[in-house]
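Notes for the one structure printed next.
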Amino acid sequence: MADQLKGRTVFITGSGGVLGSTYVRRMLAEGARVIASDLEGHRAEALKEAHAGNENFRFYDLDVGNEDQCEAIFKRILADGWEPNVVLNNAAITGELLMGAGKPFPDFADTSVADFERTLRTNLTGAFMIARQMDRDIVGKWPCTLVNVASMYALNGAHHPIYDGMPFKNFSAYGVTKAGIHGLTVWLAGYWAPRQATVNTIAPGAVFNNHSEEFQRRVGELIMLGRMCKPDEVADAMLFLASAQSGYMTGQLVNVDGGFSAW
Ligand SMILES: NC(=O)c1ccc[n+]([C@@H]2O[C@H](COP(=O)([O-])OP(=O)(O)OC[C@H]3O[C@@H](n4cnc5c(N)ncnc54)[C@H](O)[C@@H]3O)[C@@H](O)[C@H]2O)c1
């Protein structure tokens, strides 16, 4: 397929990460116009450089935790002449992000309220603010869809022992926000349906990103297919959810986890 997303104008938060940059590349290849966004920094710069000169790509700086920026984002895009009909609530504070920033992973007993609330602000309040702005500026004007991003560790508890001796952990606020975001999906599904807007959740499994062989082995034992997934394997499902082919789906949670959640 080369035009699965023809006619789709996709707005993505947190576009510079492992999965976001894969969605951008794959969606452009499928004929979408892609409006990427992320925090200012090296991820944003790399993404802009990768797609410089592509007339179907544009980029906006956006901190999803900033209410003023969220309130302005669709007005800016519309004023620039593009009309998003697909929105991906993809930005998140992830373990990868904290590890990259050299942040320590405290034990649960030492987790500060400030760190917990900072994660809620980005992963959950940010997703709410983008959805609310979509409601104000887009929903009802033309058919559209929202995809919220959860995780295999949203409605399933983390397997804490696999992180023993690893430079990263699964942290409590992460799972809390990823469970919460599906609550936003099911709440909005019925609320938006009369206005021709759908909303679904994707729950990616463990995505390989240069993890050690030992970590891959430990995670692989928890997964029916026996291995971590490739970013493109999550993108395959994301492309479907972003396409017109998912038009009769709303309020659903799509697990792309190699069978992890089905044991
Ligand atoms: N990689 C995995 O194994 C995995 C598994 C399950 C779910 N997910 C989810 O998929 C999504 C993408 O994950 P990823 O693996 O690409 O993570 P990543 O850490 O590589 O990328 C996350 C992106 O979000 C951006 N971001 C962080 N805070 C932000 C803010 N306040 N405003 C705007 N952007 C912000 C970062 O700059 C980064 O580019 C996340 O929601 C993540 O929780 C990932």
So for the chain, taking the charge dipole from beta-carbon charges (+1 Lys/Arg, -1 Asp/Glu), which of 202, 163, 226 sits furthest toward the positive end? 202
Which residues qualify? For residue 229, with a placed amide H closer than 5 Å and at least 5 residues away or on another chain, they are 206, 207, 208
Taking a virtual spin label 7 Å from the Cα of residue 113 along the C-beta vector, which residues in region 158-186 bring their backbone nitrogen under 17 Å of it? 173
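Can you tell me the length gained on complete extension of the stretch residue 61 to residue 46, counting 0.36 nm per residue apart and subtracting the Cα distance? Numbers along the way, then the final one.
On the way: separation 15, 0.36 × 15 = 5.40 nm, distance 1.32 nm.
Full-extension gain reported as 4.1 nm.
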What ranking of 191, 248 emerges when the number of other C-beta atoms within 10 Å of each C-beta is taken as an exposure proxy, fewest first? 248, 191
Kindly put 82, 142, 263, 192 in sequence by how many other C-beta atoms sit within 10 Å of each C-beta, fewest to most. 263, 142, 82, 192
Angle, helix 172-192 long axis vs. longest principal axis of the chain, Cα atoms, 0 to 90°, nearest 10? 30 degrees
Please compute the contact order of region 37-142 in relative form: average sequence separation of alpha-carbon pairs under 8 Å and at least six residues apart, divided by the residue count, as a percent. 34 percent
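Read-outs throughout are calculated quantities, based only on the coordinates presented, and are distinct from any laboratory measurement. In this text the structure is predicted, and so the values were computed from the model without any measurement. Glycine also receives a Cβ, built like all others from the backbone with ideal geometry; neighbour counts cover every protein chain displayed.
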